[in-house]
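The values are calculated or read from the model by the stated rules, or taken from the named source; none is laboratory data. Keep in mind it's a predicted model, so treat the numbers as computed, not measured. Here the Cβ positions follow ideal geometry from the backbone for every residue, glycine too, while neighbour counts run over all protein chains shown. For accessibility, only protein heavy atoms count, side chains too; no ligands or nucleic acids. Shrake-Rupley method; radii C 1.70, N 1.55, O 1.52, S 1.80 Å.
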Amino acid sequence: MKVIMLGTGSPRLNKERISSAHLLLAGDLPILVDCAEGTTMQLVKSDIPPQDIKHVFFTHLHADHMLGYANFLISGWVEGRRELTVVGPVGTKKMHDLLIEMLEKDIEYRLSLGRPETGIRDVKVIELAEAGQVNVDLPLLVQCEEMIHNVPTFAYRFDWEGQSVVFSGDTAPPTDALSRLAKDANMLIHDSCLTLIQDDKAPNASGIWKNLQKEHCTPAQAAETAKWANVDQLVLTHFLPKMNPDLAYKEAAEVFSGEIIIPNDLDQLQVSSKVIAK
Ligand SMILES: [Zn+2]
Ligand SMILES: [Zn+2]
């Protein structure tokens, strides 16, 4: 499997990193995990036709994980997508329906040009209420666990042909559920939002920082989870602007001895093929 880091940023505006979005490739099968603003263009830049994506998973419905969904919905359909399944926490159906309503005139116009209704009017939305196996029409095993954030948030684990990749979504510690979900996985992609911003000019920066600690992890906390879960590769993401990659790496490496990756947007990561001792 392979992962394309479409967006490695946070809600804070950053000219180098868009907000959260990832593409998992199981062979040629593309699966989108989160869909921040700019995601569709990041797919185009990665030579992944958005219309080829038939499965989208939302970890949660914060703006920095879903604002690109409207564009993805329309552009993918216009380019030829004819089926789509969307998975996410409770609220995903309402979000989807509201966007379709907002785009109604645009959809009607494009239908009048002869486009079929399939791929836009018949999108299947699966809402998750609890942890467990996700029943979705895919040749992968998909499991989820609920994370600690300020809205319902799920981490996802995808297993395919002996390899496994876990996406944490946004989470604060304690991350016991994530350690369970990621047990012996090859790759863990982990929220690492809590890197100090130098000279933060945001109003109420210290108050925001204090609150973030209830909702996100530091590189060291991500590394703790990677260590407990015995994963092969730890990928840190959800970075604030002015984050220092060397410091983040160093902080994680003091805790976790496996491979640590600090990606940039559009980086393509090969999932390791660790053989797990039985
Ligand atoms: Zn969030
Ligand atoms: Zn976020």
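Normalised by the number of residues in the stretch 2-270, the mean separation of alpha-carbon contacts (under 8 Å, six or more apart) gives a relative contact order of 18 percent.
Ranking Asp64, Asp267 from most to least accessible surface, computed with a 1.4 Å probe over the protein chains only, gives Asp267, Asp64.
Is it possible to state the helix-based mean residue ellipticity at 222 nm for the chain, with each DSSP H run of 4+ residues giving -39500 (n - 2.57), the sum divided by total residues, to the nearest 500 deg cm²/dmol? What is it?
On the way: 9 runs with 75 residues, N = 278.
Value at 222 nm, helices only: -7500 deg cm²/dmol.
Ignoring aspartates and glutamates fewer than eight residues from Lys54 along the same chain, the ones with Cα atoms less than 17 angstrom from its Cα are Asp28, Asp34, Glu79, Glu83, Glu117, Asp122, Glu127, Asp137.
Taking a ≥ b ≥ c as the square roots of the eigenvalues of the Cα gyration tensor of the stretch 2-270, is the shape rounded (a/c under 1.5), prolate (a/b larger than b/c) or oblate?
Values: a/c = 1.80, a/b = 1.47, b/c = 1.23.
Verdict is prolate for the stretch 2-270.
The charge dipole of the chain, taken about its Cα centre with unit charges on the Cβ atoms of Lys, Arg (+1), Asp and Glu (-1) only, comes to about 100 debye.
Carbon-plus-sulfur accessible fraction, the stretch 2-270 (probe radius 1.4 Å, protein heavy atoms only): 51%.
Sorted by accessible area (1.4 Å probe), largest first, how do Lys124, Lys15 line up?
Values: Lys124 115, Lys15 195 Å².
The residues order as Lys15, Lys124, largest area first.
Highest mobility in the GNM of the chain, judged by mean-square fluctuation with C-alpha springs under 10 Å and restricted to Thr218, Thr237, Thr59, is found for Thr218. Distance between the modelled labels on Lys94 and Val44, one decimal in nanometres: 3.3 nm (7 Å Cα→Cβ projection). Solvent exposure of Ser192, expressed as accessible area, is near 0 Å², computed with a probe of 1.4 Å over the protein chains only.
Per-residue SASA remark: Lys45, around 130 Å² accessible (1.4 Å probe; ligands, DNA and RNA not included). The length gained by stretching the chain between Arg180 and Gln213 to full extension, at 0.36 nm per residue less their Cα-Cα distance, is 9.7 nm. Taking Met41, Met187, Met147 as the candidate residues, the one with maximal mean-square fluctuation in a Gaussian network model of the chain, Cα springs under 10 Å, is Met41.
Kindly point out which whole DSSP H helices in the chain project their C-alpha atoms 20 angstrom or further along the helix axis while averaging a Kyte-Doolittle hydropathy of 0.5 or above. Show your work: numbers first, answer last.
Working: long enough: none.
For the chain, where a helix must reach 20 Å along its axis and average at least 0.5, there are no hits.
From most to least packed by mean Cβ count within 10 Å, the peptides 249-255, 173-179 give 173-179, 249-255.
Computed FRET efficiency, Cβ-Cβ of Glu104 and Ala205, R0 51 Å: what is it to the nearest 0.05?
On the way: r = 41 Å, r/R0 = 0.80.
Calculated value: 0.80.
Computed over neighbours whose Cβ is under 14 Å from that of Thr175, the net charge equals -2, Lys and Arg +1, Asp and Glu -1.
Largest accessible area first, the listed residues Ile120, Ile148, Ile126 line up as Ile148, Ile126, Ile120 when surface is computed with a 1.4 Å probe on the assembled protein chains. Where a Cα-Cα gap under 13 Å defines reach, which aspartates and glutamates qualify for Lys183, not counting those fewer than 8 residues away within the same chain? Output for Lys183: Glu145, Asp159, Glu224, Asp232. Solvent-accessible area of Met243, all protein chains in place: 20 Å² (probe radius 1.4 Å, heavy atoms, ligands and nucleic acids excluded). Once you order the gyration tensor axes a ≥ b ≥ c over the Cα atoms, which shape class does the stretch 37-158 get: rounded for a/c under 1.5, otherwise prolate or oblate by comparing a/b with b/c? Since a/c reaches 1.5 and a/b is larger than b/c, the shape of the stretch 37-158 is classed as prolate.
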